[in-house]
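S.K.: Before I ask anything, here is the structure I am working with.
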Amino acid sequence: MAEDKKRNWPLFHSLQGGAASWRADLLAGLTLAAVAAPEQMATARLGSFSPHIGFYVFIAGSLAFAFFGANRYLSSGADSTITPIFAASLAGMAPAGGPEYVTLAALLSLMVGLFLAGAGLFRAGWVANLFSIPVLTGFLAGIAVHIVLSQTPSFLGIAAGSGGSLQRIADIAGHIGETRPVALTTGALCLAAILMIERIGARLPGPLITLVGATAAVMALGLEGQGLPTIGAFDVAPPRPAAPIAGLEDFTRVLGLAAIVAVIVMAQSAATSRSFPGMPGEPAEIDRDFLGLGAGSILSGLFGGFAVNASPPRTAIVAESGGETQIAGLAACVAIALVAAFGEPFLRHTPEAALAAILFYIASHIFRLGVMRDIAARSRPEFFLLLATLFAVVLIPVQTGVALAIILSLIHGVWTMTQTDLRVFERLPGKTVWWPEDEDVAGERLEGVKVVGFQAPLSFLNAERFQRQLTEVAEAPGLKLLVLEASAIDVIDYTAARSLLDAIRLCRHKGVDFAVARLESLRAQAAFARYGLFDALGGAPSNEGSLIFHTVDEATGRLAPGAAVARAGTGFPE
C-alpha cells in the first residue's frame with residue numbers, strides 16, 4: 001500500500017531509484033547536453049526563433065518533466081517533428097519571427113500544455129494510438145520533406161522562401177543561380193562531417209563537433225566577410241515569466257492547431273516511453289509522462305518559448321550513456337544554461353548552413369526508408385496509405401495534412417475492423433480442441449453441425465457482415481446445430497447485439513439449434529446480459545437450460561449427441 005501511494009505522488013517520481021551513482025547520471029547529462037545544444041539551436045531556427053530560444057525551451061521542458069513526469073530517461077525539449085507543423089501554420093497567421101508570431105507561439109505552447117496535462121490527469125493515453133505505423137511513417141516522411149525544403153535556402157545561402165511546399169520549391173528553383181559557393185561548401189562539409197562521425201562512433205556528438213568546428217573555422221578564416229551568412233548576435237538576458245497577451249480571437253485561431261500538436265506529442269511520447277520504460281520490469285506510466293510534457297509546454301509558453309515534445313534519439317542517448325534518472329536531464333539543463341549565458345560571443349559566428357546541415361541530418365533519420373520498404377513488401381494497401389499520408393502532409397497546408405493523416409489512420413483501423421470474416425472451426429483429430437479451418441491440418445466435423453467463430457470485436461462496423469455470413473451458414477442444407485465459438489469476441493455493442501438476436505431468431509425459424517461456446521470476455525458477458533442475449537439463449541451459463549457453454553465439445557455433446565464425424569470440407573466461402 002505504501003508503495004502504491006509513493007507511485008501515485010505526482011512529483012519527483014523520475015528522480016527516484018536507479019542503481020547507478022550520481023556520477024553516471026552527470027556523465028549521461030553532459031553527453032545529452034552535447035547532443036542537445038546544436039539540435040535545440042537548429043530546431044529553434046526551424047521555428048523562426050532566435051537559436052538561443054531553443055536552449056530555454058529545452059530547460060523548461062526538462063525541468064518540468066523531471067518534476068512531474070515518470071520516465072527516467074525521457075528527454076523533453078524543442079523537437080523537429082512538431083516545429084515545422086506549428087511554424088508553417090503560425091506563419092499563415094502572422095509574419096514569421098515577429099512579435100505577434102512569438103505571442104501566438106507562446107499561447108499555442110500554453111494550450112498544448114493544457115491539453116497534455118488534461119490527457120494525463122484524465123488518463124487519455126489511448127489517444128496516442130491514433131496513428132498506425134504506416135500512417136506515422138508517412139507523416140514523419142512528410143515532416144522530413146518540410147524540413148529539407150525550409151532549410152535548403154540556408155544550405156545554399158539564398159533568400160528564404162515562404163508558403164507551401166510547391167511555392168518553396170518554386171522559390172528555390174527561381175533563386176538557384178544565386179547560390180553562394182561558400183555557404184554550399186560549408187553546409188556540404190558539415191553534413192559530410194556529421195555522417196562520417198556517426199560512422200566512426202554512434203555515441204560521438206557529431207552535430208556538436210561539427211558545429212564547433214564550423215564556427216571556429218568561420219572565425220579563423222574570416223568567412224563572414226566572404227559572404228557566409230551566420231546567425232548573428234542574440235540577446236543573452238535570462239527569460240522572464242509572463243503570460244502571453246492574447247485575445248479571444250487568438251485563442252480560437254490556435255485551438256485546432258493546439259489539439260493536433262498535442263495528439264502528435266502524445267503519440268511520439270508514448271512510443272518513446274514504451275521503448276525506454278525505466279527500471280527493468282517497471283511499466284511505462286504514459287499518463288504521468290503526458291502530465292510532465294504538458295507542464296513543460298506550459299512553462300515554455302510562460303517564458304516566451306514554444307511547445308515541447310519527447311525526443312526518441314535524445315532519450316536513447318541518456319539510456320545508452322548509463323543514466324538511470326532524470327538527474328541526467330537536470331545536469332544537461334545546467335550545461336545548456338551555461339552555454340546560453342556565456343556562449344553568445346562564440347555562437348554568433350555559427351554559419352546558418354551548419355544548422356541547416358544538422359537539420360538535414362535529423363530529417364534523414366525521421367525519413368524511415370527501411371520501414372517504408374518493409375511495409376511495401378508486406379502490405380501493399382498499407383504502403384499506399386503511407387504514400388497518401390506523405391503527400392497529404394507535403395502538398396497541402398501542414399495543419400490540414402496532419403489532421404488528414406489522423407483521419408486516414410482512423411479510416412484504416414475502421415476498414416480493417418469491417419473486413420473480418422466468419423471462420424469455420426474444425427475439431428483437431430483425437431482432441432477436444434476446435435480450431436479455425438487450416439489447410440495443413442485434416443480437421444474433423446460433425447454431421448448436421450456447424451461451428452463458426454468471429455475473431456474480432458462485434459460492433460456496428462461489422463455487424464451487417466457478421467449477420468449476413470451467419471445467415472448463409474444457417475441456411476446450409478441439413479443443418480441441425482450452429483455453434484458460435486466466441487472466445488475472440490471481447491466487445492459487443494447495441495447494433496451487433498441486435499444482429500445476433502436476429503440470427504438466433506432465424507435459426508429457430510428454420511429449426512436449427514443455436515448455441516454459444518467459450519464466451520470468455522467479461523465485457524462480452526455483460527453485454528449479453530444488458531442486451532437480452534442471455535434471455536434469448538436460456539439464461540446465463542449457470543442456468544440448467546442455458547445454450548451458452550464453456551467448450552464447443554460441451555455444446556455438441558449435449559445438443560448433437562452421437563453425431564457422426566464428417567470429412568472436412570472447404571469451409572465457409574470466402
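The values are calculated or read from the model by the stated rules, or taken from the named source; none is laboratory data. Since the model is a prediction, treat every value here as computed from it, not as a measurement. As a convention, Cβ positions derive from the backbone with ideal geometry for all residues, glycine included, and neighbour counts pool all protein chains shown.
Matching residues to (1) within 29 Å of residue 391 (Cβ to Cβ); (2) in contact with an Asp or Glu (Cβ under 9 Å, 6 or more places away or on another chain); (3) of a type outside the set (A, V, I, L, M):
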site	(1), (2), (3)
97	yes, no, yes
107	no, yes, no
130	yes, no, no
143	yes, no, no
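S.K.: Is there a residue being of a type in the set (A, V, I, L, M, F, W, C), under 30 Å from residue 439 (Cβ atoms) and assigned to a strand (DSSP E or B) anywhere in the stretch 488-509?
M.R.: no
S.K.: From the set of residues in the stretch 538-557 that are of a type in the set (A, V, I, L, M) and part of a helix (DSSP H, G or I), which is nearest to residue 445 (Cα to Cα)? Walk me through how you get there before you give the answer.
M.R.: Within the stretch 538-557, the subset of a type in the set (A, V, I, L, M) is 540, 547-548, 552, 555.
Checking the rest, the ones that are also part of a helix (DSSP H, G or I) come to 552, 555.
On the way: 552: 12, 555: 14 Å.
Going through the qualifying residues, I end up with 552.
S.K.: Among the helices (runs of 4 or more DSSP H) confined wholly to the stretch 301-363, which include 3 or more residues that are of a type in the set (Val, Ile, Thr)?
M.R.: Here the list reads 312-320, 327-342.
S.K.: Residue under question is residue 136, and the condition is that it be within 30 Å of residue 273 (Cβ to Cβ) and either in a helix (DSSP H, G or I) or touching a Phe, Trp or Tyr at 6+ places or on another chain (Cβ under 7 Å) (or both); does it hold?
M.R.: Yes.
S.K.: Moving on. Going by what's in this entry, would residue 375 be described as more than 18 Å from residue 148 (Cα to Cα), modelled with pLDDT of 90 or more and buried (at least 17 other Cβ atoms within 10 Å of the Cβ)?
M.R.: Yes, satisfied.
S.K.: If a residue has to be buried (at least 17 other Cβ atoms within 10 Å of the Cβ), at pLDDT 85 or above and within 20 Å of residue 57 (Cβ to Cβ) to count, how many in the stretch 206-244 make the cut?
M.R.: 4
S.K.: Oh, and also: Working carefully through the options 370, 292, find the one that is outside any loop (DSSP other than H, G, I, E, B) and crowded, with 24+ Cβ neighbours inside 10 Å. Walk me through it before giving the result.
M.R.: Numbers: 370 fails: crowded, with 24+ Cβ neighbours inside 10 Å.
Unique residue meeting the criteria: 292.
S.K.: Another question, then. Show me the strands (runs of 3 or more DSSP E) entirely contained within the stretch 416-461 in which 3 or more residues are assigned by TED's automatic domain parsing to the domain that holds residue 475 and more than 30 Å from residue 380 (Cα to Cα).
M.R.: 444-446, 449-454
S.K.: In this structure, is residue 43 crowded, with 24+ Cβ neighbours inside 10 Å and on the phi < 0 side of the Ramachandran plot?
M.R.: So residue 43 fits the description; yes.
S.K.: So which residues in the stretch 515-537 are among the small types (Gly, Ala, Ser) and either part of a helix (DSSP H, G or I) or at negative phi (or both), if there are any at all?
M.R.: 515, 517, 521, 524, 526, 527, 529, 536, listed by residue number.
S.K.: Another question about this same structure. Give the number of residues within the stretch 330-385 that are charged (D, E, K, R), in contact (Cβ under 8 Å) with a residue 40 or more places away in the chain and farther than 26 Å from residue 188 by Cα.
M.R.: 1
S.K.: Inside the stretch 462-494, can you point out the residues that are under 32 Å from the mean Cα position of the chain (by Cα), over 20 Å from residue 532 (Cβ atoms) and crowded, with 20+ Cβ neighbours inside 10 Å?
M.R.: Result: 462, single match.
S.K.: Inside the stretch 169-192, can you point out the residues that are surrounded by 20 or more Cβ atoms within 10 Å (Cβ to Cβ) and of a type outside the set (Val, Ile, Thr)?
M.R.: Once the filter is applied, which keeps residues that are surrounded by 20 or more Cβ atoms within 10 Å (Cβ to Cβ) and of a type outside the set (Val, Ile, Thr), the stretch 169-192 yields 183, 187, 190, 191.
S.K.: Taking into account only those residues within the stretch 522-537 that are small (Gly, Ala, Ser) and surrounded by fewer than 20 Cβ atoms within 10 Å (Cβ to Cβ), which is farthest from the chain's Cα centre (by Cα)?
M.R.: So, considering only residues that are small (Gly, Ala, Ser) and surrounded by fewer than 20 Cβ atoms within 10 Å (Cβ to Cβ), the one farthest from the chain's Cα centre (by Cα) is 536.
S.K.: Out of 242, 237, I need the residue that is part of a loop (DSSP other than H, G, I, E, B), free of Cβ contacts under 8 Å to residues at least 12 places away in the same chain and within 23 Å of residue 54 (Cβ to Cβ). Which one?
M.R.: Of 242, 237, the one residue that is part of a loop (DSSP other than H, G, I, E, B), free of Cβ contacts under 8 Å to residues at least 12 places away in the same chain and within 23 Å of residue 54 (Cβ to Cβ) is 237.
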